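Below is one structure, written out as structure tokens; comments come after it.
The values are calculated or read from the model by the stated rules, or taken from the named source; none is laboratory data. Because the structure is a prediction, the values reported are computed rather than measured. Glycine gets a Cβ as well: all are built from the backbone with ideal geometry, and neighbour counts include every protein chain shown. Protein only, heavy atoms only, side chains kept; ligands, DNA and RNA dropped before computing areas. Shrake-Rupley method; radii C 1.70, N 1.55, O 1.52, S 1.80 Å.
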Amino acid sequence: MTLPQWLSVATLIGMMALFIWDRFRYDVTAIIALLAGIALGIVKPENAFTGFSDDIVIIVGSALVMSAAVQRSGLIEDAVAFLSQRVKRVGSQLFLLTTSVGLASGLVKNVGALAMLMPAATQFARKSGTNPSVFLMPMSFASLLGGLTTLVGTSPNIIVSRVREDMVGEPFRMFDYLPTGLGLLVIGLIFLRLGYRLLPSDRRGAVTMGEALNLSAYETSAKVPDESSLVGETLEHFINRHGGDVEVTAIKRNGRSGAVHPAMHLGGGDILILTGEPDALERVIAGDRLILAGQEKDDREDEIGVVEGVIMAGSALIDRNAARLRLQDRMRLRLIAISREGEKLGNEPGQSILRAGDVIVLQGALDLMPERLRELGVLPIAEREIRLGTARRGWLAVIILGIAMAATALGLVPVAVAFFAAAGLVLITGALPVRDAYDAVEWPILIMLGALIPVSATLQSTGASDVIATQLASLAASLPPWGAVMLILAAAMAVTPFLNNAATVLVMAPIAAVFANDLGYRPEAFLIATAVGAGCDFLTPIGHQCNTLVLGPGGYRFADYARLGAPLSVLVLALGTPLILWVWPL
């Protein structure tokens, strides 16, 4: 090997060591690797920042925005909530959740799909009297498998598509991954349905802020529009239709509050005093197109948001109500929900007398919110998102995503253009506020990709990938074709727990492509094996964001992942290899 080749390999080995050491965050590690490459002369200064203009960065960033837009639509959650009323057994609930998150992960980025459906798992656990840890890790593993089904499901698929384009002049298209990914997803779903009992049954998640404050439910009020389909529906049917997730504690009709009973018919203009969890309240109000009482449109919808807070001792709100304080007129704040321990208020939030310790949800201009909260003596709770009071756009985001996926599948426009246009459209149409779009983008991931692309390219520019692949090919010369593919798959699965999955593919994909060429095979099966291996980290909570996301809520320990993940890894290795070769023959 030449000196530049040794320097390229040494830089990548040093980068891997930093990833494993975990002293620096992964984006900082990537920056260190880029700076080292420039200093050693293997990355030319004029090429140092080409990674940030690469299509990969555009596609990943746009996919994250689209994930947030689809999540905000609430359609997938509504579908799961509808099905949950018909599924009562824990095993069936698990299968519903893992199937839902697996299929959703093919449409939006897998970590977004998982975050979207985690509240549903908590609701299932509460209703069935089981532990959320039964659902969360299987859902994480299902999201990893589901992400393998389409180009945008996970970052490794996007990266190997670019490598294939460099090799044969044609990238992988949107649904080229579907046969292999769907087969592995089905295998995984069957295993998770039967094997979830391998998980310890005594794991308990970290206490959330809501649990620490003993928030059993919020109360809010919503108006039934005159043209609503709810007009004439009985109260009993309304509650049963929503699976008992909310309770109607009072109804105000013509300015008067009367007793409620199951046979009461709802009428236009009725104001319902609803009690329930914030997610359930949001789902009911948005799904039935109810109007939060007193809600007004604001021209600066992007800047309007909701904040959850606790009324502190000495607050100006104590022993007063929002109407008396004229919060909406004086401060442009609207009180939309209240939670009080051990008590149901049975009144509109704006008319309820407030006390110290009450937890409230306020809606208003986010840029003015900190100053207003200090003035009122309200301590904000920043540990969970409250979507009550935020607008939905229904099918709009899903339609835009469907058009983008269809356009790329038919080859009408490049993937980067289609998804960048889709991300722009959800902002232009208001399907996702600009503030939420910027919050949805995982900037450290984009920084890492932009910095690592020119570093990983040094393997090819110096010829190091050819040397490494030739050595591997000589070692694998005695292996049958399936053994060579399994070797690449196993190597990717072994490396990705210690690196970010995108970093794994950036390093391994060029080597796998040259490895295949040296053995006289087409590169597709080896590239797919690299993507599958990098996307299937079932052994640790650190190799993929999905596994990290469920670590705290599930109360898992590091070794718990291997208990369920090791058998699944063996299944992917044993059954994934022939599946890859069947779809992508050599």
Legend entry - Options F95, F124, F82, F52: the member that is farther than 30 Å from W6 by Cβ, modelled with pLDDT of 90 or more, part of a helix (DSSP H, G or I) and among the aromatic types (F, W, Y): F95
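Restricting region 156-188 to residues that are among the basic types (K, R) and touching a Pro at 6+ places or on another chain (Cβ under 9 Å), which is farthest from L412 (Cα to Cα)? Before you say what the answer is, go through the steps one by one.
Narrowing region 156-188 to residues among the basic types (K, R): 162, 164, 173.
Checking the rest, the ones that are also touching a Pro at 6+ places or on another chain (Cβ under 9 Å) come to 162, 164.
On the way: R162: 18, R164: 19 Å.
For region 156-188, the residue satisfying everything is R164.
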Inset, instruction - State whether one or more residues within region 562-583 are open to solvent by 10 Å² or more (accessible area, probe 1.4 Å) and either part of a loop (DSSP other than H, G, I, E, B) or modelled with pLDDT under 85 (or both). - result: no
Legend entry - Any strands (runs of 3 or more DSSP E) falling wholly within region 216-284 and containing at least 1 residues that are under 27 Å from V87 (Cα atoms) and open to solvent by less than 40 Å² (accessible area, probe 1.4 Å): 218-223, 246-253, 271-276
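Results for (1) under 24 Å from the mean Cα position of the chain (by Cα); (2) on the phi > 0 side of the Ramachandran plot; (3) of a type outside the set (D, E), shown as yes or no for each residue.
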| site | (1), (2), (3) |
| --- | --- |
| V505 | yes, no, yes |
| I511 | no, no, yes |
| E524 | no, no, no |
| L527 | no, no, yes |
| G533 | yes, no, yes |
| C536 | yes, no, yes |
| G552 | yes, no, yes |
| F558 | yes, no, yes |
| P567 | no, no, yes |
Inset, instruction - State whether one or more residues within region 489-503 are open to solvent by less than 10 Å² (accessible area, probe 1.4 Å) and modelled with pLDDT of 90 or more. - result: yes
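Just name the residue that is nearest to the chain's Cα centre (by Cα) out of those in region 11-30 that are assigned to a helix (DSSP H, G or I) and surrounded by fewer than 14 Cβ atoms within 10 Å (Cβ to Cβ). Can you show your working first?
Restricting attention to region 11-30, the residues satisfying the condition of being assigned to a helix (DSSP H, G or I) are 11-21, 26-30.
Applying the additional criterion that residues be surrounded by fewer than 14 Cβ atoms within 10 Å (Cβ to Cβ) yields 13, 17, 20-21.
Working: I13: 31, A17: 28, I20: 25, W21: 26 Å.
Once the filter is applied, the top-ranked residue is I20.
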Legend entry - Filter result for S140 (among the polar types (S, T, N, Q) and in contact with a Leu (Cβ under 8 Å, 6 or more places away or on another chain)): yes
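Out of curiosity, is G287 touching a residue at least 24 places away in the same chain (Cβ under 8 Å) and open to solvent by less than 40 Å² (accessible area, probe 1.4 Å)?
No: the conditions fail for G287.
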Inset, instruction - Give the number of residues within region 157-190 that are touching a helix residue (DSSP H, G or I) at 6+ places or on another chain (Cβ under 6 Å), part of a helix (DSSP H, G or I) and either under 15 Å from A525 (Cβ atoms) or free of Cβ contacts under 8 Å to residues at least 24 places away in the same chain (or both). - result: 10
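Could you identify the single residue in A440, A418 that is free of Cβ contacts under 8 Å to residues at least 40 places away in the same chain and open to solvent by less than 40 Å² (accessible area, probe 1.4 Å)?
Details: A440 fails: free of Cβ contacts under 8 Å to residues at least 40 places away in the same chain.
Matching residue, one of A440, A418: A418.
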Inset, instruction - Looking only at region 37-76, count how many residues are buried (at least 20 other Cβ atoms within 10 Å of the Cβ) and hydroxyl-bearing (S, T, Y). - result: 3
Inset, instruction - Could you check, for region 382-396, whether at least one of its residues is touching a helix residue (DSSP H, G or I) at 6+ places or on another chain (Cβ under 9 Å), open to solvent by less than 30 Å² (accessible area, probe 1.4 Å) and either at pLDDT 85 or above or among the basic types (K, R) (or both)? - result: no
Legend entry - Residue tally, condition at pLDDT 85 or above and assigned to a loop (DSSP other than H, G, I, E, B), over region 537-561: 4
Legend entry - Flag for V505 being over 25 Å from M116 (Cα atoms), touching a residue at least 40 places away in the same chain (Cβ under 8 Å) and β-branched (V, I, T): yes
